[in-house]
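The values are calculated or read from the model by the stated rules, or taken from the named source; none is laboratory data. For clarity, every value in this text was computed on a predicted model and none was experimentally measured. Every residue, glycine among them, receives a Cβ derived from its backbone with ideal geometry; neighbour counts consider all protein chains shown.
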Amino acid sequence: MDEDLIAKKDVLEQTGISYGQLYRWKRKGLIPEAWFIRKATVTGQETFFPREKILTRIEQIRSLKEEQSLDELVPILAPESAPETVKCDDPTLLAPVGAEGRKLMWKDRGYTFGELVALACGAHALRAGTRPAEAKLLVDLVRAAEEVVRAPTGITALLGEKSIDQEGVSVRLTVGVLGHEPVKLDRESRVKHRVDMEKIVEQVKLALRGVA
Amino acid sequence: MEGQNISISGSGRVSGGEYGQVRISGSGKVDGDVTAQEIRVSGSGRFQGEVKAKEITVSGAGKFTARVEADVLVTSGSCGIDGDAEVKELRSSGAQRIGGSFRGHYVRVSGVLHVARDLETDVFTSSGRFEIGGLLSADRVEVKLVGDSRAREIGGENIDIRASSGLSFGFSLARGFRFGLGIGTLTVGEIEGDRVHLEATTADVVRGKTVHIGPGCRVGRVEYTESLEVHPEAEVGERIKR
């Protein structure tokens with residue numbers, strides 16, 4: 001969890017947003033509660049944010065709010081309010097899934113939001129060079145975890161690999177793990193692929209918005 | 001969709017469900033989740049289960065043991081909600097207690113309001129007493145202090161805290177206290193807003209664009225970006241311009 005943090009006052013200074021906007025966006029759920037990290041400093045308690053996430057989010061809100069009201073932005077950006085009603089017939093149109101992602105779970109039509117997120121996780125792994133059978137593990141894992149799709153903040157899906165050599169037989173195991181950061185594997189396992197669920201959910205939402 | 005009406009005027013118990021009106025003027029208990037157009041409690045009512053209603057009026061004693069969702073909640077008696085409350089408009093001239101957090105658009109307090117966790121609304125106005133265990137977040141916070149109020153944090157665009165009468169008649173705060181003029185105070189850990197005007201407020205930290213620290217304030221540190229005014233009858237530790 002050695003994430004790069006930025007103090008609240010530096011966020012305001014760098015982006016030029018006001019306290020009013022920051023609190024309003026938090027109230028609307030556009031900035032998740034989990035990003036507000038309170039820390040003790042020499043001058044007392046201060047609030048910090050994950051630097052990259054908050055700066056990206058503020059940029060997104062600003063560029064999108066020209067065309068849409070804040071309330072309309074919530075389902076697009078806020079990861080804790082997943083679009084329950086999404087039915088997508090052709091996921092290859094969504095960049096995070098693409099043609100390779102679709103192959104991981106074939107359906108004629110009507111992919112749900114959770115399924116799209118699961119496919120995006122699989123595609124993410126495929127694009128990093130993971131074998132399809134392993135990427136499929138991720139898809140099945142995420143598909144079965146609806147609550148993660150609704151509240152993905154701080155959650156990681158990963159593929160771990162472990163080799164076992166015993167009496168001349170060598171087995172290589174790949175496992176899928178889904179959990180809150182920090183996710184730990186035992187020392188003999190290595191992480192093959194890692195997916196930040198919050199980012200994936202957001203990418204799928206933005207892609208859906210482009211298609212709609 | 002519209003269910004039947006129920007009215008308890010003696011002592012009674014009904015089970016949850018979908019109703020038009022629920023009126024309790026005696027002593028009533030509702031077991032299970034309730035959805036209703038209107039709920040009126042003028043006697044003593046206890047709701048055990050989640051409650052969803054367009055309008056809830058409590059002029060007697062209302063007790064809700066779980067989450068409450070409503071467009072309007074008006075309390076002139078005593079109303080306790082053990083869970084979270086999602087209420088668009090809350091007007092409390094009685095005693096309102098919320099054991100979880102509150103989300104809404106408009107809050108008006110002229111009685112007493114206790115919220116154990118965060119209170120989030122667009123507009124918060126008070127001429128009563130409030131205690132917020134977490135963050136009070138609103139675009140507009142307008143408070144006329146009566147009695148002693150507290151919040152862990154206040155954040156928003158405009159934050160305007162005024163001491164009640166006395167000051168305008170030329171009394172100093174210290175004398176006001178001595179003569180017991182009923183001047184209220186506010187105690188907060190942290191206040192952050194774009195325009196902040198404070199009176200009779202004790203805070204560890206105040207951050208804002210334009211900050212006015214009025215009479216009777218005790219502030220550990222002020223951080224401001226545009227302007228800071230401090231009344232001679234206020235104490236401010238550090239002043240930091242960013």
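Given (1) touching a Ser or Thr at 6+ places or on another chain (Cβ under 8 Å); (2) under 15 Å from B:THR75 (Cβ atoms); (3) surrounded by fewer than 20 Cβ atoms within 10 Å (Cβ to Cβ), where does B:GLY49 come up short, assuming only one miss?
Condition not satisfied by B:GLY49: (2).
Are any residues in the range A:9-32 in contact (Cβ under 8 Å) with a residue 12 or more places away in the chain, part of a helix (DSSP H, G or I) and more than 9 Å from chain B (Cβ to nearest Cβ), and if so, which ones?
A:VAL11, A:GLN14, A:THR15, A:TRP25
Checking A:LEU138 against (1) free of Cβ contacts under 8 Å to residues at least 60 places away in the same chain; (2) over 17 Å from A:GLY98 (Cα atoms), which test does it fail?
(2)
Which residue, of A:GLU161, A:GLU115, is closer than 19 Å to A:THR92 by Cβ and at pLDDT 85 or above?
After ruling out the rest, the residue left standing is A:GLU115.
Answer yes if at least one residue in the range A:84-91 is exposed (fewer than 13 other Cβ atoms within 10 Å of the Cβ), in contact with a Gly (Cβ under 7 Å, 6 or more places away or on another chain) and not in a loop (DSSP other than H, G, I, E, B), and no otherwise.
Looking for residues that are exposed (fewer than 13 other Cβ atoms within 10 Å of the Cβ), in contact with a Gly (Cβ under 7 Å, 6 or more places away or on another chain) and not in a loop (DSSP other than H, G, I, E, B), one finds at least one in the range A:84-91, hence yes.
Would you mind stating whether B:LEU113 is within 14 Å of another protein chain (Cβ to nearest Cβ), part of a strand (DSSP E or B) and within 10 Å of the chain's Cα centre (by Cα)?
Here the answer is no, as B:LEU113 does not meet what is asked.
Look through A:VAL183, A:VAL204 and report the one residue that is outside the structural domain of A:GLU33 (by TED's automatic domain parsing), touching a Ser or Thr at 6+ places or on another chain (Cβ under 9 Å) and under 26 Å from A:PHE36 (Cβ atoms).
A:VAL183
Can you tell me which of A:LEU138, A:LEU93 is in the same structural domain as A:GLU202 (by TED's automatic domain parsing) and under 14 Å from the mean Cα position of the chain (by Cα)?
Values: A:LEU93 fails: under 14 Å from the mean Cα position of the chain (by Cα).
None of the others qualify; the one that does is A:LEU138.
Of the residues A:GLY44, A:GLY29, which single one is among the small types (Gly, Ala, Ser), at pLDDT below 90 and either assigned by TED's automatic domain parsing to the domain that holds A:GLU202 or more than 20 Å from the chain's Cα centre (by Cα) (or both)?
That would be A:GLY44, the only listed residue that is among the small types (Gly, Ala, Ser), at pLDDT below 90 and either assigned by TED's automatic domain parsing to the domain that holds A:GLU202 or more than 20 Å from the chain's Cα centre (by Cα) (or both).
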